[in-house]
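These notes concern the structure reproduced below.
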Amino acid sequence: MNTGNSINIPAILKIGSGALKQIGTYLKAEGLNQVVIYFGNGLIDLFGMDVMKSLEKEDITVLQYCELDTVDIDDIISLAFNISNRTQAVIAIGGGKVIDAGKYAAFLRNLPFISVPTSSSSDGFSSASASLIVDGRRTSVPAKLAYGIIVDTEVIKTAPEKFIYSGIGDMISKITALYDWIYEEKCGYSEVNDFAVMIAKKAVNSFVRTPYHDIKENVFLKELLDSLAMSGIANEIAGSSAPTSGSEHLISHALDKILEVPELHGIQVGIATYIMSKVQDHRYVRVNTVLTDTGFWDYAATRQMKKSDFLKAIDMAPSIKPHRHTYLHEEQYRELAKKIVLEDEVLKGVLL
């Protein structure tokens, strides 16, 4: 008798200092001996030697490697069906673009995907979806949870701090996303998975309670990355992104459509999380404390983002995912969100 549900979790989860130089050891342990590797722009020069040496040491054959700078779905489909039939795993090393491209190519070929992010800008490295260009528009398409997640905190430190701030914004958003999902169930539009809620809540609470002196400390970065990885597991359990993506993400997706040059995803999401935490009257003091103490607000204030764009994004938000029912799907809460954008003292120092 089947008494439970089966969920996928990564077979490889290695987050820590020096992890990139051990990639061969991790793959060998899983019997993955023939691979293709996609690097982000300029990353072969930075990390290629370490990766190749590690793989060569374990007699792992690299069938193909190249730098990749496209997330156009047609390009990725062509890429996927040119992958050698001998391939046992697809590895993507870099930022969000190459991770999404590699993830979708592996999904199309039903191959294990090894996610090796070089920045902490979002939870995309652990998610079961990919953000690609479809018919000229950025679109989230289904994929599979990574078979392996390998993150070197020493590499993460070398990325510009804006990527850490982006990761902080994306991580803190789980507070408002969970509240939206619970509200959605209360309104009769969804059914909450309590286990997914528990995982996502533990992830964000562990992160916000981590003691640190500097956001580039190993303990802080490992906690941030661990928590972002746990978010992907919560989504896998739920069968959707609801545990980690709510009204705050709808605002960010709307900004992506409004702005000619959008900000980093997590920067937009972090600001929207603060707005929505005040709308929900839920943990906004904690959200503000994290965004203040980490330096997120100081960085966001340099970006010269406009209140008028956020006002438009709030009105557009329900149309981004009309099947959802977050707080922003109700007019009274959209009006409250806009009032907060215009009048909140914290946002006066951030938005023009």
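No lab work stands behind these numbers, since they all come straight from the coordinates. Please read these numbers as outputs of a predicted model, since none were measured by experiment. Every residue, glycine among them, receives a Cβ derived from its backbone with ideal geometry; neighbour counts consider all protein chains shown.
Okay, here's what the table says:
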| read-out | value |
| --- | --- |
| Charged-residue dipole, Cβ positions (Lys, Arg, Asp, Glu), segment 12-158 about Cα centre, Debye nearest 20 | 320 |
| Rounded, prolate or oblate (a/c below 1.5 giving rounded, otherwise prolate when a/b exceeds b/c) for segment 149-238 by Cα gyration tensor | prolate |
| Efficiency of FRET between ILE77 and LYS306 - r from beta-carbon atoms, R0 45 angstrom, step 0.05 | 0.75 |
| Chain lengthening between THR158 and SER206 when straightened (0.36 nm per residue, less Cα-Cα) | 14.9 nm |
| Environment charge of GLY266, counting only residues whose C-beta is closer than 11 Å and scoring Lys/Arg +1, Asp/Glu -1 | -3 |
| Taking ASP281, ASP72 and counting other C-beta atoms within 10 Å, the order from fewest to most | ASP281, ASP72 |
| Order of SER308, SER140 - criterion: other Cβ atoms within 10 Å of each residue's Cβ, fewest first | SER308, SER140 |
| Residue (of ALA301, VAL279, ALA238) at the positive-pole extreme of segment 161-348, dipole from beta-carbon charges | ALA301 |
| Segment GLU335-ASP50, length gained on full extension (0.36 nm per residue, minus Cα span) | 97.3 nm |
| Dipole in debye (nearest 20) - segment 153-193, about Cα centre, beta carbon charges: Lys, Arg +1; Asp, Glu -1 | 180 |
| Packing rank of 147-155, 194-202, where each peptide gets the mean count of other beta carbons within 10 Å, highest leading | 147-155, 194-202 |
| DSSP-defined antiparallel bridges as percent of all bridges, the chain, nearest 5 | 20 |
| Cα centroid separation - segment 264-306 against segment 1-70, whole Å | 34 |
| Beta bridges by DSSP in segment 12-158, antiparallel share as percent, to the nearest 5 | 20 |
| Dipole of the chain, positive end: most advanced residue of VAL134, ILE76, SER319 [Cβ charges, Cα centre] | SER319 |
| On Cα atoms only, tilt of 174-186 relative to the major axis of the chain in degrees | 70 |
| Extended-chain gain in nm, criterion 0.36 nm per residue less alpha-carbon gap, THR139 and VAL261 | 42.3 nm |
| Pairwise Cα inverse-distance average, inverted: Kirkwood Rh of segment 12-158 (Å) | 14.9 |
| Reach of LYS338 by Cα under 16 Å, taken over lysines that are not fewer than 8 positions away in the same chain | LYS278, LYS306, LYS307, LYS312, LYS348 |
